[in-house]
Amino acid sequence: MNDLSAGSAAFSHLDLGALLYFIVAWVAYGLSVGRLRGRMVSLSQIMNGHRANWARQVIGRDNRVVDTQINASLQNGTAFFASTSLIALGSVLTLSRSGDDVLNLFATLPFGTVANRLTWELKVAGLALIFVYAFFKFAWAYRLFNYTAILLGAVPPKGSGASDTEMLRAVRRLAAMNVSAGRHFARGQRAFFFALAYLGWFISPYILFVSTTAVVIIMWRRQFASEIRKALLEAGEGPHEGPLDAPLLSPAEEART
């Protein structure tokens, strides 16, 4: 209890308010990207539909070298971000060693606030937690893309004699795994963006308010007001309600299996 009270006493009410705003903004943005439908569908949801369409195209291809290369490129990109998050985590941990020098530097900034050592350590710990979260998301996404490669190989080849039901089931598993991997990768990237916003708190809680708002606006525009999203919707290519929301098998087909 003493440690908890000491930690809360290290921050002003303005600091706690800025931190709460940061957390609420992160959670609210994540929910809006994944759950809005209709005219407010996000770019990520549109691409999830195309991931499902990609899985369907696998059925009609005899040679799936291109599909394996696409999945490998997605997996390699995820590995890059996972290693980057570890490098960032190591850099954050070194900040605790130079706390006094950095505190003196921030105190000279126009909007800087003078913080004590405990406050600094707690803020550094919070930034470290963000990068730990990002690493776990990227690492899990990497594993899911690995599973996607296995499920891709498990799709019955064209002309194998497999029934339509078996083919559709294989495609459904492949699409679901690919979408899940992409979702976790996106959450890891989102943590990187919010880590940039979090850096404003080291200077001042006012800067945290501004940096969090700026990051949310930038990401919101990319997901809901970007030219890429507009082009996909205008081209009529948007399975933006998400093909995975509806079963790939009819109820009668499900009953026969």
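Here, each number is a calculation from the coordinates, and none is a lab measurement. Everything numeric in this text was worked out from a predicted model, so none of it was measured. Cβ sites come from the backbone with ideal geometry, for glycine too, and all protein chains shown count toward neighbours.
Assorted remarks:
- Gyration tensor verdict on the stretch 111-170 (Cα atoms; rounded if a/c is under 1.5, prolate if a/b is larger than b/c, oblate otherwise): prolate
- At full extension, SER32 and ALA162 could sit 42.8 nm farther apart than now, given 0.36 nm per residue minus the alpha carbon distance.
- In a DSSP loop and with at most 11 other Cβ atoms within 10 Å, there are no chymotrypsin sites (Phe, Trp or Tyr not before Pro) in the stretch 113-168.
- Phi to ³J(HN,Hα) by Karplus 6.51 cos²θ - 1.76 cosθ + 1.60 over the stretch 43-57, Hz, x for Gly, Pro: 4, 4, 5, 4, 5, 4, x, 6, 4, 5, 5, 4, 4, 5, 5
- Of the peptides 22-34, 166-178, the order by per-residue mean of other Cβ atoms within 10 Å, starting with the highest, comes out as 166-178, 22-34.
- Model label points for VAL66 and TRP220, set 7 angstrom from Cα along the Cα-to-Cβ axis, are 3.9 nm apart.
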